[in-house]
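The values are calculated or read from the model by the stated rules, or taken from the named source; none is laboratory data. Keep in mind that this is a model prediction, so the values were computed, not measured. So basically every Cβ, Gly included, is an ideal-geometry build from the backbone, and we count neighbours across all protein chains shown. Please note that ligands, DNA and RNA were not included when accessible areas were found on the heavy atoms of the full protein model with its side chains. Shrake-Rupley method; radii C 1.70, N 1.55, O 1.52, S 1.80 Å.
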Amino acid sequence: MNIIDRGYWESYIPDPFPPELAINTAFAKRESDGLDWYEALYGETALFAPGTVKATVWQLPNGDWQVQAVDRDPSRMFPPGARVIEIEGYTGSDPFADFSGKKLDPVAMSVADFPVVLTVSPRQIRLAMTKMGVRQQVEDYVKSASLDVQDSWDYSTQFVSTDPMVAACMQALGKSEGDLIALFQLAKSL
């Protein structure tokens with residue numbers, strides 16, 4: 001599968017406005033070169049290859065990119081304020097189910113699930129560590145770590161599975177991301 005970045009698209013009003021069009025007609029152009037969306041779809045040289053999957057991707061407040069509208073027919077989407085990607089080589093039967101809501105890595109041009117984020121109390125995480133048999137290992141790691149890590153361990157009012165401190169601890173103990181999620185899922189149940 002290959003993902004092609006078709007650029008960021010923005011709203012605009014043509015000047016002069018085409019008199020044959022309704023005043024509420026919406027327009028979008030690609031930021032990089034000013035290519036009009038309708039020209040990209042219906043012009044002499046089509047932007048998209050037939051049969052590929054097209055998708056709009058919106059930037060979230062935290063900077064991540066999330067896939068939104070997904071279809072093989074690009075005329076079923078309108079991209080102002082979005083990045084547009086084209087996915088070649090997709091062989092599934094339901095592109096919306098397979099791509100919508102996923103996270104786009106704009107550097108690697110890959111799509112994946114967003115990481116699971118779980119939040120638990122200090123009591124829950126400590127009970128889960130005890131049940132999983134890693135509590136003493138974690139306590140030893142914290143004692144040998146920086147004062148910031150020690151303060152976080154001692155005074156945090158919640159623990160978040162995606163916190164870099166938590167990830168560093170798990171890595172130092174030789175645990176996988178799966179182990180981390182299992183720990184937090186157990187903690188949520190306590």
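Semi-axes, largest first, in whole Å: what does sqrt of 5 times each Cα gyration tensor eigenvalue give for the chain?
On the way: eigenvalues 461, 63, 36 Å².
They are 48, 18, 13 Å, listed from largest to smallest.
Which peptide among 16-24, 31-39 comes first, and what is the full order, when sorted by highest mean count of other Cβ atoms within 10 Å? The partial results should precede the final answer.
Values: 16-24: 7.3, 31-39: 13.9.
Highest to lowest by the protection proxy: 31-39, 16-24.
Can you return the lysines within cross-link range of K131? Criterion is Cα-Cα under 24 Å, with same-chain partners fewer than 8 residues away left out.
Here the lysines satisfying the reach criterion relative to K131 are K143, K175, K188.
Which residue, Q137, T119, G101, has the largest displacement toward the positive end of the dipole of region 33-190 when charges sit on each Cβ (Lys, Arg +1; Asp, Glu -1)?
Looking along the dipole axis, the top candidate is Q137.
So which lysines pass the test for K54, namely a Cα distance under 30 Å, with those fewer than 8 places away in the same chain ruled out?
Within the straight-line cut-off, K54 pairs with K29, K102, K103.
Around I85, with a cut-off of 9 angstrom between Cβ atoms, what is the net charge of the other residues, counting Lys and Arg +1 and Asp and Glu -1?
Numbers: positive: R6, K54, R83; negative: D5, E86.
Overall, the nearby charge balance is +1.
Given charges of +1 on the Cβ of Lys and Arg and -1 on the Cβ of Asp and Glu, with all other atoms neutral, how large is the dipole of region 93-151 about its Cα centre, in debye to the nearest 20?
340
Ordering K102, K131 by accessible area with a probe of 1.4 Å, largest first, what comes out? Walk me through the intermediate numbers first.
Working: K102 45, K131 140 Å².
In descending accessible area the options line up as K131, K102.
Over the chain, what is the mean sequence separation of C-alpha contacts under 8 Å (at least six apart), divided by residue count, expressed as relative contact order in percent?
19
Hey, got the dipole for region 71-190? About the Cα centre, +1 on K and R Cβ, -1 on D and E Cβ, debye to the nearest 20? Intermediate values should be presented prior to the final figure.
On the way: 12 positive and 16 negative charges, 91 e Å.
About 440 debye.
For L173, what charge total do you get from the other residues with a beta carbon under 13 Å from its beta carbon, if Lys and Arg give +1 and Asp and Glu give -1? Don't skip to the end; give the middle numbers.
On the way: positive: R135, K175; negative: E139, D140, E177, D179.
Residues close to L173 contribute a combined charge of -2.
Return the calculated 222 nm mean residue ellipticity for the chain, to the nearest 500 deg cm²/dmol, obtained by summing -39500 (n - 2.57) across DSSP H runs with n ≥ 4 and dividing by the residue count. Could you put the intermediate results ahead of the total?
Values: 7 runs with 63 residues, N = 190.
Theoretical 222 nm ellipticity from helices: -9500 deg cm²/dmol.
So how strong a dipole does region 137-190 carry about its Cα centre when Lys and Arg Cβ are +1 and Asp and Glu Cβ are -1, to the nearest 20 debye?
On the way: 3 positive and 8 negative charges, 34 e Å.
In debye, rounded to 20, region 137-190 gives about 160.
Among L60, A28, L186, whose Cα sits farthest toward the positive end of the charge dipole of the chain (+1 at Cβ of Lys/Arg, -1 at Cβ of Asp/Glu, about the Cα centre)?
Result: L186.
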